[in-house]
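Notes follow the structure.
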Amino acid sequence: MKIGIVCYPTYGGSGVIATELGLGLARKGHEIHFITYRRPVRLAHFDANVFYHEVDNEDYPLFEYPPYDTALASKIVDVVQYQNLDLLHVHYAIPHAAVAYMAKKILLAQGRYVPVITTLHGTDITLVGNNRAFAPVVEFSINKSDGVTAVSQSLKDDTLQLFNIQGDIRVIYNFIDFERFRKTNKEHFKKIIAPNGERIVAHTSNFRKVKRVEDVILIFKKIFEKVPSKLLMIGDGPERQNAERMCREMGLCDEVRFLGKQDAIEELLAICDLFVIPSESESFGLAALEAMACEVPVISSNSGGLPEVNIHGVTGFMSDAGNVNEMARYAIDLLQNEEMLARFRTNALAQARRFDIDNVLPDYEAYYEEILEKSVFKVV
């Protein structure tokens, strides 16, 4: 198949999954065309079956903001026409699903029907989509998609509750590439971070308010009071400054490292003993899954799709979002119990293997075939 993938090219979960999906499909012989405003961060190497089409969004004095939606729609039409794509797979409802509908109508006027599959990733529904300014467009573009998938059952339930969805939403879980995410021997690196054998705790996110980054610092402070430890804060975003201020006020600057955005995150996870993700909202919890694939147990909230990934008392522990004391207590108990920690490491890897990309890719391929078979030339 010739598949066009429209996504955000950033470090966020939707962009990462979209890119890894495309690369996985390319390895299976499909021709993949990425359409976005910048090369996706995970698209680092040449692949004979992967093509990248950059959206040129020029700035004109007439416009206060460059019209990216229009530029993207035009680029989609161009790529579908000249690359003869079989279908479009757009990730994130705003604006990609709406723009794909516009492109589909333009192509239809030219006698070409291209089916569109929309994958919902979370904040496009629970935060952005729930905004009354965007809600009508989100609902319309979902309903006008030829196929819709959600990355967790929790997200599907939220979507059906928030919007009047007329068709089916297929749950196809996020996945992990074990060629990349696996525990490797990085003892030399670990000694640099924790020279005295301290436990290493990690958090990775886009540092938005919904991730409750300040809770990570509060949890770590309680851990540090009981267990010699270091904290790696991986990623960047609007809440980083507040977290850094908290570390200065609590005297934790020597124990916490803010590492910013990292491409080789698997090398950092390979040296960690515990991963903390206390999010207020999490459609799936890809960051937790990446940690588990590297045999790192998880302390998380029980929000959204996290219970579908992190099994309480097996791969880690869960608490209500904001319950810092309980999360810290679970973390301390785990880090102080070598036998339990080893068992949880093994369990985390076993759970992560359920989401191996090799298990999920056939689900997407089958869904593509299903949508292509259903698609007929029609005026929508």
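The values are calculated or read from the model by the stated rules, or taken from the named source; none is laboratory data. Everything numeric in this text was worked out from a predicted model, so none of it was measured. Because the Cβ atoms are built from the backbone with ideal geometry, glycine has one as well, and the counts that use them run over all protein chains shown.
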Query - Test: A135 is among the small types (G, A, S) and within 24 Å of the chain's Cα centre (by Cα) - result: yes
Query raised in the report: How do the pairs read when you match residues in region 363-376 that are in the same structural domain as G24 (by TED's automatic domain parsing) and in a helix (DSSP H, G or I) with residues anywhere that are buried (at least 16 other Cβ atoms within 10 Å of the Cβ) and among the basic types (K, R), using Cβ under 7 Å and keeping only pairs 6 or more apart or on different chains?
Result: Y367/R170
Query raised in the report: With respect to V314, is the statement that it is among the β-branched types (V, I, T), surrounded by fewer than 21 Cβ atoms within 10 Å (Cβ to Cβ) and either touching a helix residue (DSSP H, G or I) at 6+ places or on another chain (Cβ under 6 Å) or not assigned by TED's automatic domain parsing to the domain that holds D273 (or both) true?
Result: yes
Query raised in the report: Looking at A328, is it more than 16 Å from E179 (Cα to Cα), buried (at least 20 other Cβ atoms within 10 Å of the Cβ), of a type in the set (A, V, I, L, M) and in contact (Cβ under 8 Å) with a residue 60 or more places away in the chain?
Result: yes
Requested in this report: Search region 65-91 for residues that are in the same structural domain as Y101 (by TED's automatic domain parsing) and pair each with any residue that is among the hydroxyl-bearing types (S, T, Y) and exposed (fewer than 14 other Cβ atoms within 10 Å of the Cβ) when their beta-carbon atoms are under 8 Å apart and the residues are at least 6 apart or on different chains.
Outcome: P66/Y60
Query raised in the report: Hey, any hits in region 70-84 for a residue that's crowded, with 21+ Cβ neighbours inside 10 Å and touching an Asp or Glu at 6+ places or on another chain (Cβ under 9 Å)?
Result: yes
**Report entry** Extreme residue, surrounded by the most Cβ atoms within 10 Å (Cβ to Cβ), among residues of region 15-37 that are touching a Ser or Thr at 6+ places or on another chain (Cβ under 9 Å) and closer than 18 Å to Q262 by Cβ
**Finding:** I17
Query - Residue ID - surrounded by the most Cβ atoms within 10 Å (Cβ to Cβ), chosen from residues in region 1-14 that are more than 19 Å from Q83 (Cα to Cα) and not aromatic (F, W, Y) - result: G13
Requested in this report: Scan region 280-302 for residues that are buried (at least 24 other Cβ atoms within 10 Å of the Cβ), assigned to a loop (DSSP other than H, G, I, E, B), touching a Ser or Thr at 6+ places or on another chain (Cβ under 9 Å) and not aromatic (F, W, Y) and report the count.
Outcome: 5
Query raised in the report: What's the number of the condition Q336 fails, among (1) loosely packed, with under 14 Cβ neighbours inside 10 Å; (2) over 19 Å from S229 (Cβ atoms); (3) in contact (Cβ under 8 Å) with a residue 24 or more places away in the chain?
Result: (2)
Query raised in the report: basic (K, R) and closer than 30 Å to D320 by Cβ, is that true of K191?
Result: no
Requested in this report: Take region 303-334 and flag every residue that is assigned to a helix (DSSP H, G or I) and charged (D, E, K, R).
Outcome: E308, E326, R329, D333
Report summary line: Of (1) more than 27 Å from K261 (Cα to Cα); (2) in contact with a helix residue (DSSP H, G or I) (Cβ under 9 Å, 6 or more places away or on another chain), Y92 fails just (1)
Report summary line: Considering region 219-253, residues that are at pLDDT 95 or above and among the acidic types (D, E), and then whichever is nearest to P40 (Cα to Cα), we arrive at E239
Query raised in the report: Do the conditions hold for S145, that is, is it within 15 Å of the chain's Cα centre (by Cα) and buried (at least 18 other Cβ atoms within 10 Å of the Cβ)?
Result: no
Query raised in the report: Counting only residues that are among the small types (G, A, S) and touching a residue at least 24 places away in the same chain (Cβ under 8 Å), which one in region 257-287 is farthest from F181 (Cα to Cα)?
Result: S281
